[in-house]
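Below you'll find the structure, written out as structure tokens, and then a few comments.
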Amino acid sequence: MLKVGDKVALELGGEAEILEILGSGGQGTVYRAKHSGKDYALKMYFAHKLRSPDIFRENLSRLTEEKVDSAFVMPLMLTEKTDGSFGFLMELVPPEYKPFSDVLNAKVKLSGLYSVVNSAIKITSAFRALHNSGKSYQDLNDGGFFIRPTDGDVLICDCDNIAPYGEHLGIAGKPGYMAPEIVRGEKAPDKFTDRYSLAVVLFRLLLRGDPLEGGKVLKSVCLTEEAERRHYGFEPLFVYDPVDDSNRPVRGVHNNTIKFWQIMPDYIKEAFEFSFTTGLNEPQKRLIEKQWLDLLIRLRGDITACSCGSQNFLSAMKTDEERKLICTCGNHYAKPLSLVGEKSRILLFDGAKVFDENVKVLAEVVRNKKNPALWGLKNLTENEWNCTLPNGTEKNVDPESAAPIFVGTSICIGNEKFTIED
């Protein structure tokens, strides 16, 4: 263990001064450290805890030279070896990003459904980029993600276990997140086990529960290591298995799972059902990241909101005899117009937002200050838009200006053309 004020030599020259301890785990300790006038996170390993320290360090060295996706907080530079121990510097996670574990245990609340779905999209997109680069993460769990509650942007830490396909650095994963074949000791982590873990992360994010923990698991008075191996490896059973209902969520214990499952559109339920039935035992059939992204972008386009502020998914809402949507507050309101593009669709309710692939806000629905009955789509980009009104009139929409929302209006935002539809 290093003390405040200690200095650690860096491989490429210079040194890092220890400022404080940020946390400690099984592999090592993370410190706040200053280098060349800037604060960083410094992770120092317990060398005796690593299966092959030299191979691990060699992989870290490769990671310092690679960029996969902006969401990953990658190693920047290695330290010199000191008594067999070594470590690396990485960027600090900004304070506005909160641990995923704090979201799951309700210490932190995301600002709305957009933030929830955006974070799912960001995580999935990052792992798509990682797997397309020929690498796997090998240890997906709630400790590696940090989410910005205001918009769902994500940073992914614990990137030191990323390795090329075929290489295994000795980390199996966290119980509840590991693929069953890893729990059973049948194989090492790879992109297929990553995909199982990704499905678990998405289920926990969207439904705030464990996809394999229901009544059957609760019968284990103490979830011992042996019981975990049975429930997550040898006898895994999805809580909403369509054939076997013996592991259903228990009211009073799994309330979040029960509540959020009811509001999930069928296409999301079907994806999870496949992931935790067929996907339990047939790794190569697991949903790939592109399939999840298509579903999640569709889910984001399903978000609607009542004037009371309550948000829900359109396809899961009840309607009255006039086909108006029924809010939980009792209000009945007409289905919003849709902004439809080649790749996505967004419902245009008051405050609705349009995002790019990096969850950056491109536009927002606003009301005219002088006449609240008139709605517009505000340009939040740095470039002007080309807009064609239903009568054929063309106009440019400058940044911070708004395009009028009428059925039949077309708007070019970036490289994508959108049309407003009923």
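Where a number appears in this text, it was derived from the coordinates with a stated rule and is not lab data. None of these values were measured; they are calculated from a predicted model. Glycine also receives a Cβ, built like all others from the backbone with ideal geometry; neighbour counts cover every protein chain displayed.
Evaluated at 10 °C with a viscosity of 1.306 mPa s, what Stokes-Einstein diffusion coefficient in µm²/s does segment 103-151 have when Rh comes from the Kirkwood expression over alpha-carbon pairs?
D, rounded to a whole number, is 132 µm²/s.
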- Dipole of the chain (Lys/Arg Cβ +1, Asp/Glu Cβ -1, origin at the Cα centre): which of Pro180, Val68, Trp261 lies farthest to the positive side? Trp261
- Note on the structure: Dividing the helical contributions, -39500 (n - 2.57) per DSSP H run of n ≥ 4, by the residues of the chain yields a 222 nm value, nearest 500 deg cm²/dmol, of -7000 deg cm²/dmol
- Message: With a 10 Å cut-off between alpha carbons and a GNM built on the chain, which of Glu384, Glu321, Glu11 moves the most?
- Response: Glu321
- Rounded to the nearest 10 degrees, the helix 113-132 long axis (Cα) sits at an angle to the longest Cα principal axis of the chain of 50 degrees
- Message: I want the local charge near Val354. Using Cβ-Cβ distances under 11 Å, sum +1 for each Lys or Arg and -1 for each Asp or Glu among the other residues.
- Response: +2
- When the scattering of the chain is computed by the Debye formula from its Cα atoms alone, each counted once and equally, what is log10 I(q)/I(0) at q = 0.10, 0.11 Å⁻¹? -0.80, -0.93
- Item | Most positive-pole-ward Cα, Phe276, Leu325, Gly209, against dipole of the chain from beta carbon charges | Leu325
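With charges only on Cβ, +1 for K and R and -1 for D and E, what is the dipole size of the chain about its Cα centre, in debye, rounded to 20?
That gives a dipole near 820 debye.
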- Task: Quick one: among Asp102, Asp244, Asp158, which has the greatest mean-square fluctuation in a GNM of the chain with alpha-carbon springs under 10 angstrom?
- Result: Asp244
- Query: At 37 °C and 0.692 mPa s, what whole-number value in µm²/s does Stokes-Einstein give for the translational diffusion of segment 98-297, with Rh from the Kirkwood sum over Cα pairs?
  - Reply: 193 µm²/s
- Task: Determine which lysines satisfy two conditions relative to Lys3: a Cα distance under 23 Å, and not lying fewer than 8 residues away in the same chain.
- Result: Lys34, Lys38, Lys43, Lys49, Lys81
- Task: With a point put 7 Å past each Cα toward its Cβ, work out how far Ala106 is from Ser52 in nm, to one decimal.
- Result: 4.6 nm
- Within a Cβ distance under 11 Å of Val239, other residues only, what is the Lys/Arg minus Asp/Glu net charge? -4
- Item | Cysteines in the chain that, by Cβ-Cβ distance, have no pairing candidate under 4.7 Å | Cys157, Cys159, Cys222, Cys387, Cys412
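Would you list Asp294, Asp151, Asp398 from fewest to most Cβ contacts within 10 Å?
Arranged by neighbour count, lowest to highest, Asp294, Asp151, Asp398 become Asp398, Asp294, Asp151.
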- Message: To test your reading of the geometry: what angle, between 0 and 90 degrees and rounded to tens, separates the Cα axis of helix 191-207 from the longest principal axis of the chain?
- Response: 50 degrees
- Using θ = phi - 60° and Karplus 6.51 cos²θ - 1.76 cosθ + 1.60, couplings along segment 355-363 (whole Hz; Gly, Pro as x): 10, 8, 5, 9, 6, 7, 6, 9, 7
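Would you order Tyr267, Tyr40 from fewest to most other beta-carbon atoms within 10 Å of each residue's own beta-carbon?
Ascending number of Cβ neighbours within 10 Å: Tyr267, Tyr40.
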- Query: Could you state the principal axis extents of the C-alpha atoms in segment 1-56, from the largest down, to the nearest angstrom?
  - Reply: 34, 25, 15
- Task: With only Lys, Arg, Asp and Glu charged, each at its Cβ (+1 for the first two, -1 for the last two), find how big the charge dipole of segment 7-90 is about the Cα centre; round to the nearest 20 debye.
- Result: 180 debye
- Angle, helix 266-275 long axis vs. longest principal axis of the chain, Cα atoms, 0 to 90°, nearest 10? 20 degrees
- Distance histogram in 5 Å bins (all Cα pairs of segment 336-421, percent per bin): 3, 16, 29, 29, 18, 4, 1
- Amide H to amide H under 5 Å from Phe72: which residues, 5+ apart in sequence or cross-chain, H placed 1.01 Å off N in plane? Ile156
- Taking only the alpha-carbon atoms of segment 242-300, the convex hull volume per residue, in cubic angstrom, is 98 Å³
- What does the charge add up to near Gly414, with Lys and Arg as +1, Asp and Glu as -1, over the other residues with Cβ less than 13 Å from its Cβ? -3
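Output the relative contact order of segment 98-297, whole-number percent, from Cα pairs under 8 angstrom with separation of 6+ residues. Display every interim value, and only then the final one.
Working: 302 pairs, mean separation 42.2, N = 200.
Taking the mean separation of contacting Cα pairs over the length of segment 98-297, I get 21 percent.
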- Query: Which lysines have a Cα less than 19 Å from the Cα of Lys395, not counting those fewer than 8 places away in the same chain?
  - Reply: Lys378, Lys417
